[in-house]
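> Sharing a structure below in structure tokens format, with a few things to ask.
The numbers here are math on the coordinates, done by the rules we state, and not lab data. What you are looking at is a predicted structure, and each value in this text was computed from that prediction instead of being measured. Using ideal geometry, Cβ is built from the backbone for each residue, glycine included, and neighbour counts are taken over all protein chains shown.
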Ligand code: SF4
């Protein structure tokens, strides 16, 4: 996750005081470092059948899901492993009958507990229950305004129900965030959603890049998706900057494309050039992609994955082995590669002058397009000129996989 507003607030302070805060070093895994943030898909069942659901969740029970006692046992291990944050997700997590018992236990164990939901089930009484349980944060997905959202969610009235959920929770004082995954079909709604956020007084906006693997043989500067991505980020950065300058406390974050850090640096070079070196240092401390290091996923049957996009790659099951052991086991080549510092990636990422900021971005995109998890990220929207690459190509590596020129659109199942 890339925290735009954190950088903007620091810049606003720097402008006011003439001093930029020193970078906080992201810790390398060691005995005293915290464990990863765990996104936990507790249930696969969902009341919706969204167009972009990666795992084709449906409204029926799925076999072999973790029992409540098994969940509690895993939580003990996660706590001992110093996991700070649990994001409870699905499917639709509110369809799990014991969701509140799990959340209450998690709160009592002093986890920061988030809930990732489509929001359509949250009426006033359920909002109260969520509030009283003490969830630290509730993320509600909106794919656009009104009919756009309904179309994505394949449910007429879904937008109204999700917005009502936002209002119920806001009224009670629960922290709420809107989660928006941008595609070609809803990019036009981003300005309206940002306005909605302001009007409704919503605390947080999470812009998720579609985990788009790209097409082969493209010119990055002209590719429509890349252009739309850059326009969206321009809007997010200017909105977050205006909020920070006005002393606001809205949070703007992005996910699924670590080139956003590099793009922020370019924004700073253009708008606030005197802070570019300080921001660069801080971006390097952030370090880019952290799948398999600072972010983890446990799926509904207990299989552990490097993140929610790696559902096709299991690392081990918490029913058979503690998460803490699975997570530190680098006998799996993927985990060894993800935990390597620096990661060994090839292509334009290996020659990129911003590699220390971005970390080579999203490995699952490279793997899905080329068959090689360590190839360059085809979802990078920066031009060769911007990354200082003189290889003379703007092409995604062509292999048996990428020559199919397929566009993969991976969205983690549920609403993480
Ligand atoms: S070329 Fe690779 S390392 Fe450089 S910004 Fe793009 S994705 Fe990140």
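> Each label point is 7 Å from the Cα along the Cα-to-Cβ direction; what then is the distance between the points at residue 271 and residue 185, in nm?
3.2
> How big is the chain on each of its three principal axes, counting only the C-alpha atoms and giving the largest first in Å?
Extents along the principal axes, in whole Å: 56, 50, 44.
> Could you calculate the contour length gain from residue 79 to residue 227, that is, 0.36 nm times the residue separation minus the distance between their Cα atoms, to one decimal place in nm? Write out the running numbers ahead of the final one.
Numbers: separation 148, 0.36 × 148 = 53.28 nm, distance 4.27 nm.
Contour length minus the Cα-Cα distance gives 49.0 nm.
> Which peptide among 70-79, 256-265 comes first, and what is the full order, when sorted by highest mean count of other Cβ atoms within 10 Å?
Those peptides, ordered most packed to least, come out 256-265, 70-79.
> Quick one: Cα convex hull volume of region 81-142, Å³ per residue?
85
> So if R0 is 30 Å, what FRET efficiency would residue 108 and residue 246 give, r being the distance between their Cβ atoms, rounded to the nearest 0.05?
Efficiency, rounded to the nearest 0.05: 0.20.
> Using 0.36 nm per residue, how much length does the chain from residue 175 to residue 19 gain when fully extended, once their Cα-Cα distance is taken away? Display every interim value, and only then the final one.
On the way: separation 156, 0.36 × 156 = 56.16 nm, distance 3.08 nm.
The residue 175-residue 19 span can extend by a further 53.1 nm.
> Run lengths n ≥ 4 of DSSP H only: what is the helix-derived mean residue ellipticity at 222 nm for the chain, with -39500 (n - 2.57) per run over all residues, to the nearest 500?
It comes out at -11500 deg cm²/dmol, rounded to the nearest 500.
> Enumerate the residues in region 119-151 having an amide nitrogen under 18 Å from the point lying 7 Å beyond the Cα of residue 62 toward its Cβ.
Hits in region 119-151 for residue 62 at 18 Å: 119.
> Multiply the residue separation of residue 285 and residue 390 by 0.36 nm, subtract the distance between their alpha-carbon atoms, and state the gained length in nm to one decimal.
Length gained, residue 285 through residue 390: 35.2 nm.
> Still on this structure, please answer the following. Find the relative contact order for the chain and round it to a whole percent, using C-alpha pairs within less than 8 Å whose residues are 6+ positions apart.
Answer for the chain is 22 percent.
> Which shape class, rounded, prolate or oblate, goes with region 1-155 when its Cα gyration tensor gives a ≥ b ≥ c as root eigenvalues, a/c under 1.5 marks rounded, and past that a/b bigger than b/c marks prolate?
Oblate, because a/c is 1.5 or more while a/b does not exceed b/c.
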